[in-house]
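A.B. asks: Mind having a look at this structure? Questions to follow.
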Amino acid sequence: MSHDFIDCKDVYYSYPDGKKALNGITFKISRGESVGIVGANGAGKSTLLNLLLGIIFPINGQVYIGDTMICKKTLPLIREKIGLVLQDADNQLFMPSVYEDVAFGPRNYKLDEKEVHKRVMKALETVGISHLKDRPPYKLSGGEKRAAAIATVLSMEPDILIMDEPTAALDPKSRRRLISLLKEFTHTKIIATHDMDMIWETCERTIIISEGTVIADGPTREVLSNEELMNNSSLELPLCIQNCPICGSKK
Ligand SMILES: Nc1ncnc2c1ncn2[C@@H]1O[C@H](COP(=O)(O)OP(=O)(O)OP(=O)(O)O)[C@@H](O)[C@H]1O
Ligand SMILES: [Mg+2]
């Protein structure tokens, strides 16, 4: 078994219309690491996450999960290890009720109904939406849908948790609950977001992507506090380390 859990080797990806989205991405992530992926709109974050789950495949280069290279043949094995929360929750919810959606993954693993129920209720409680379990997902608000989408992944208890913009549309209390949850989640996690403060709190390492390439990769506190680097990447310092907006004094 390789020590590196995720190994992205010089990966290129272009969309069918010819748009070059990833232009030679290389990084390794060890088991248990927490990694934030940041970058401007259109930098290639979502494309990269979709490659890690084998939703799309590299045009050049390879992605390994452990010793397994992601390809069509290895997808069932890969999907057992990775849970991905998509950027658009509507793409993740398709059953008649929230409960059914959250139960879908565990049922696919052929777990008995008692275990399925236990996992569903635990996942719903974790994201604070047990009261919505019987509602049809399409009737939920944006933030409620996002919480439900996160629960569909938590119920599968994945080794690797991948989230694309998990805090978008969440109210402050739900965002705080998610941050606490992410801090407790000791497995490997990769989070793409524009929420720098969330990354600051939940990820020990941060990768900045710009125009489909990695332009910085290091400890979160070094990367996100580098004002010049952040400005050049169309990003801002996390609010928690910005100067006071009223008096300008340092925090
Ligand atoms: N289905 C598609 N077909 C063609 N080009 C696409 C498609 N999806 C994304 N792109 C392009 O690929 C590039 C990378 O997009 P991607 O969605 O990965 O960016 P992102 O970093 O996730 O941005 P955001 O912060 O806005 O979510 C962009 O230039 C985008 O316009
Ligand atoms: Mg995106």
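A.B. asks: Given the options E144, E201, E228, state which has the largest fluctuation in a GNM of the chain using a 10 Å cut-off (strictly under) for Cα springs.
C.D. replies: E228
A.B. asks: Another question, then. Using alpha carbons only, how many angstrom separate the centre of region 184-210 from the centre of region 1-68?
C.D. replies: Value for the Cα centre distance between the two parts: 15 Å.
A.B. asks: Can I ask one more? Tell me what the chain gives for mean residue ellipticity at 222 nm when only DSSP H runs of n ≥ 4 count, each as -39,500 (n - 2.57), the sum divided by the residue total, rounded to 500 deg cm²/dmol.
C.D. replies: Helices in the chain give a 222 nm mean residue ellipticity of -9500 deg cm²/dmol.
A.B. asks: Starting from the Kirkwood radius over alpha-carbon pairs of region 1-109, derive D by Stokes-Einstein at 10 °C in a medium of 1.306 mPa s and give it in µm² s⁻¹.
C.D. replies: Working: Rh = 15.3 Å.
Calculated translational D: 104 µm²/s.
A.B. asks: How large, in Å, is region 58-177 by the Kirkwood hydrodynamic radius built from its alpha-carbon pairs?
C.D. replies: Across region 58-177, the inverse of the average 1/r is 15.0 Å.
A.B. asks: Cα extents of region 190-251 along the three principal axes, largest first, in whole Å?
C.D. replies: 38, 23, 17
A.B. asks: Explain nothing, just the number: dipole magnitude of the chain about its Cα centre with +1 on each Lys and Arg Cβ and -1 on each Asp and Glu Cβ, in debye rounded to the nearest 20.
C.D. replies: Once rounded to the nearest 20, the dipole reads 480 debye.
A.B. asks: How much accessible area does D159 have with a 1.4 Å probe, in Å² rounded to the nearest 10?
C.D. replies: Accessible area, nearest 10 Å²: 60 Å².
A.B. asks: If each residue of separation counts as 0.36 nm, what is the full-extension length gain between N60 and C247 once their alpha-carbon separation is subtracted?
C.D. replies: 62.2 nm
A.B. asks: So, one more: Please work out how much length the chain gains when fully extended from T74 to S180, using 0.36 nm per residue of separation minus the C-alpha to C-alpha distance, in nm with one decimal.
C.D. replies: 34.9 nm
A.B. asks: State which entries of K81/K139; K45/K72; K28/K72; K72/K110; K28/K110; K20/K81 exceed 24 angstrom in Cα-Cα distance in the structure shown.
C.D. replies: K81/K139; K28/K110; K20/K81
A.B. asks: While we're on this one: So if I average 1/r over every pair of distinct C-alpha atoms in the chain and take the inverse, what Kirkwood radius in Å does that give? Please list the in-between numbers first.
C.D. replies: On the way: mean 1/r = 0.0530 Å⁻¹.
For the chain, inverting the mean 1/r across all distinct Cα pairs yields 18.9 Å.
A.B. asks: While we're on this one: What is the spread of the Cα atoms of region 138-251 along each of their three principal axes, largest first, in whole Å?
C.D. replies: Its Cα atoms span 42, 34, 27 Å along the three principal axes.
The values are calculated or read from the model by the stated rules, or taken from the named source; none is laboratory data. Because the structure is predicted, anything quoted here is derived from the model rather than measured. We place every Cβ from the backbone using ideal geometry, glycine too, and count neighbours over all the protein chains shown. Just so you know, the surface numbers come from the protein's heavy atoms only, side chains and all, with ligands and any DNA or RNA stripped out. Shrake-Rupley method; radii C 1.70, N 1.55, O 1.52, S 1.80 Å.
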